[in-house]
Structures are given as structure tokens and as C-alpha cells.
Amino acid sequence: MALDADFRVRHVSERIDLLLGEGARDSLLGQPIERILGAELFGSGGALREALVAGLKREGWRGALRLEPEGSRPVSVTAAPLIHDEYGICDTE
């Protein structure tokens with residue numbers, strides 16, 4: 001997944017449909033990441049959100065990928081800010 005500056009899902013691998021079921025990718029696009037991986041990590045004051053805002057990388061944090069209509073799947077979360085380069089490889093949004 002890749003997030004925008006407002007912590008909304010901007011990109012999701014198509015392979016997530018294999019994990020969560022057909023159509024999962026499309027349903028995740030545009031969603032706030034805290035709704036998907038939890039407010040503990042990505043809500044206001046969440047540890048990973050604060051790290052990203054500070055420009056830091058965090059690896060191997062335990063999280064729960066929320067499944068619809070209910071339930072969750074344990075995941076390992078690594079978060080790092082995207083560094084935009086002069087060649088435009090990373091979308092500036």
C-alpha cells in the first residue's frame with residue numbers, strides 16, 4: 001500500500017485480492033489507513049503515523065488488517081516516507 005499526505009490509501013497491490021477476496025483492492029482505495037490498520041498505529045497520535053510525519057521509518061510492527069464485514073488478519077507493518085526525486089519516479093501526491 002501507498003498512502004497520500006492525508007493518510008488515505010492511494011495505491012494497493014492487486015495481489016491483496018488473493019488475501020482478502022475479489023474486489024478488496026478496489027474497496028481499499030481512498031480509505032483512511034486507520035480504518036484498515038487501526039487507530040492505534042495510524043490514528044491521531046498513532047505510533048506509525050507520528051513516525052511518518054517525522055520522516056522516520058519503522059519496520060515489523062504488529063498490526064491487524066481489518067476484514068469486512070468483520071474480523072481481522074494479523075500482519076507485519078513496515079512504514080517509510082517516500083522520498084520524491086528530481087526524475088518524478090514517486091508521485092508527489
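Values computed for the structure shown
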| item | result |
| --- | --- |
| Residue-by-residue Karplus 3J(HN,Hα) for the stretch 2-18, coefficients 6.51, -1.76, 1.60, Hz, glycine and proline x | 10, 10, 8, 5, 9, 6, 10, 5, 9, 9, 9, 4, 4, 5, 5, 4, 5 |
| Simple label model, 7 Å out from Cα along Cβ direction - Gln31 to His11, nm | 2.0 nm |
| Virtual spin-label span in nm between Arg62 and Ala47, 7 Å along Cα→Cβ | 1.0 nm |
| Where the chain is the region considered: accessible area per residue in Å², 1.4 Å probe | 70 Å² |
| Stretchable slack from Leu19 to Ala80, in nm (0.36 nm times residue separation minus alpha-carbon distance) | 19.7 nm |
| The stretch 1-32: trypsin sites (Lys or Arg not before Pro) in DSSP loop, at most 15 other beta carbons within 10 Å | Arg15 |
| Of all accessible heavy-atom area on the chain, the percent that carbon and sulfur account for (1.4 Å) | 48 percent |
| The chain, relative contact order in percent, only Cα pairs under 8 angstrom and at least six apart counted | 18 percent |
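The values are calculated or read from the model by the stated rules, or taken from the named source; none is laboratory data. Remember, predicted model here, so these are calculated numbers, not experimental data. Neighbour counts run over all protein chains shown; Cβ positions are idealised from the backbone, glycine included. Note: areas computed on protein heavy atoms with side chains; ligands, DNA, RNA excluded. Shrake-Rupley method; radii C 1.70, N 1.55, O 1.52, S 1.80 Å.
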